[in-house]
Amino acid sequence: MRADNSHHLIDASRRRAQVTYRSAVAALRRMDNSGRPITFDALAREANVSRSWLYNQPELRAEIERLRDQPRPAAGRLVPDRQRSSDASLLRRVEVATQRIRELETDNKRLRHALAEALGERRTAPSHKPHRDTPEPRVSPPITAC
């Protein structure tokens with residue numbers, strides 16, 4: 001009676017499936033990074049696998065559909081999907097920028113008020129020489145030969 005060596009075939013099949021899956025994922029990332037349109041047909045050609053195999057891989061299929069259905073910019077530099085900002089991070093950046101604008105507006109109002117007070121005090125202060133609101137131009141000494 002022969003020994004059952006089917007476990008070798010099963011192990012080889014598993015390794016081949018893992019290599020194929022990693023190859024398909026790498027091809028998908030290359031396509032996304034380059035900005036090429038992502039379809040099942042294009043990925044099958046890029047990864048050298050069948051379309052039916054791609055359809056039978058649930059995680060890979062979901063990622064292909066997500067990237068395929070995502071709007072692509074018409075022109076300009078394309079950003080890979082994993083480097084794109086999420087809606088939550090963009091919202092947070094807008095909130096931070098809005099808060100910073102409010103702080104700057106408050107600071108600007110305070111400085112304008114302080115400047116108006118300083119100019120008012122300067123105008124009403126007794127002096128022999130009339131004050132100007134703007135500084136007088138500086139006159140540099142002439143440049144002479146050394």
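The values are calculated or read from the model by the stated rules, or taken from the named source; none is laboratory data. Remember, predicted model here, so these are calculated numbers, not experimental data. Cβ placement follows ideal geometry from the backbone for every residue including glycine, while neighbour counts extend to all protein chains displayed.
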**Item:** Matching entry among Val25, Val19, Val49 (being in a helix (DSSP H, G or I) and either at positive phi or more than 25 Å from the chain's Cα centre (by Cα) (or both))
**Value:** Val19
**Prompt:** Do we find that Leu54 is farther than 21 Å from Arg84 by Cβ, out of contact with any Ser or Thr (no Cβ under 6 Å at 6 or more places or on another chain) and in contact (Cβ under 8 Å) with a residue 24 or more places away in the chain in this structure?
**Reply:** yes
**Request:** Scan Ala44, Ala24 and give me the residue that is farther than 20 Å from Arg84 by Cβ, surrounded by 14 or more Cβ atoms within 10 Å (Cβ to Cβ) and touching a residue at least 24 places away in the same chain (Cβ under 8 Å).
**Result:** Ala24
**Prompt:** Would the stretch 61-75 turn up any residue that is charged (D, E, K, R), over 21 Å from the mean Cα position of the chain (by Cα), loosely packed, with under 10 Cβ neighbours inside 10 Å and modelled with pLDDT of 90 or more?
**Reply:** no
